[in-house]
Amino acid sequence: MIKPNDEKKNIKILVVGAGLSGATIARLLTDEGYGSVSVIEKKRFPGGLCITRFNQDGIPYEPFGARTFHTNKEHVKDFVLRFDKFNGYTHYKGMIINNQLLPFPMTKAAIDTLPEKNQIYEEIANRPKVVDQTNFETAAISIVGKTLYKYFIENYSSRMWGCDPKDLTADWAPKRLEFRENGQTECFLNQWQGLPKHGYSYLIEKMLEGIAVQY
């Protein structure tokens, strides 16, 4: 419920975390007229895992991995464009399988190059209608079959998270894994995507301008 402006000014709000979500919430509440919005962050910088740093040659990089911004929502695009321009970057991923670079998400064209393609298509045809939510491994196999799981997902997940995929929750599997028959190889299919031209740290710092942040 939207409160009258004079009531908003008297409400004190503390946002925990100066990552992209926390900074967005703090900015929106401030724009909405709340007079006392502050942020507390345990690190010594804003951004959380979504930060940009520059190497000795001035080349930007993201220490915690690439974070391509992508959306189909016009109001989300308009919001972030208040704080920086974006470069229109389109993100692609690939994996070297059998000494060849194959796209990820997995595509029909890529599967046709694999010796087990008939087995893979049989597994895809026999996938359960409901994803097995026991753990990440069972969910992934439910979505792409056991052979593609072994090729594309098992080793990557183990190295990324430092544990057996069976010890991971199933939550992210339906959001991250898919088999594409339309040949599209870009990672995200949203209408608008890119990277902030001055980096995520700049974007978030601009978002937090005028808001008290305690590190």
- Any hit, segment 81-90, residues being within 23 Å of Asn182 (Cβ to Cβ), under 16 Å from the mean Cα position of the chain (by Cα) and modelled with pLDDT under 95: yes
- Item | helices (runs of 4 or more DSSP H) completely within segment 83-181 that count 1 or more residues being open to solvent by less than 20 Å² (accessible area, probe 1.4 Å) and of a type in the set (A, V, I, L, M) | 108-111, 117-125, 136-144, 173-176
- Note on the structure: Contact list, first residue from segment 151-162 and under 24 Å from Pro115 (Cα atoms), second anywhere and in a helix (DSSP H, G or I), beta-carbon distance below 6 Å, six or more apart or interchain, is Ile153/Ala140; Ser157/Pro165
- Message: Looking only at segment 138-162, filter to residues that are within 20 Å of the chain's Cα centre (by Cα) and charged (D, E, K, R); which one of those is nearest to Glu178 (Cα to Cα)?
- Response: Glu154
- Do we find that Lys206 is out of contact with any Ser or Thr (no Cβ under 8 Å at 6 or more places or on another chain), over 19 Å from Met95 (Cβ atoms) and of a type outside the set (Asp, Glu) in this structure? yes
- Query: Scanning segment 185-206 for residues that are open to solvent by 70 Å² or more (accessible area, probe 1.4 Å) and not in a helix (DSSP H, G or I), which turns out farthest from Ile120 (Cα to Cα)?
  - Reply: His198
- Item | Criterion: closer than 30 Å to Leu14 by Cα and among the β-branched types (Val, Ile, Thr) - qualifying residue of Val130, Val144, Val213 | Val213
- Message: I'd like the residue in segment 10-41 that is assigned to a loop (DSSP other than H, G, I, E, B) and modelled with pLDDT under 95 and, out of all such residues, is most open to solvent (accessible area, probe 1.4 Å).
- Response: Asn10
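The values are calculated or read from the model by the stated rules, or taken from the named source; none is laboratory data. All of these numbers come straight from a predicted model, not from anything done at the bench. Because the Cβ atoms are built from the backbone with ideal geometry, glycine has one as well, and the counts that use them run over all protein chains shown. The accessibility values were calculated without ligands, DNA or RNA, using every heavy atom of the protein model including side chains. Shrake-Rupley method; radii C 1.70, N 1.55, O 1.52, S 1.80 Å.
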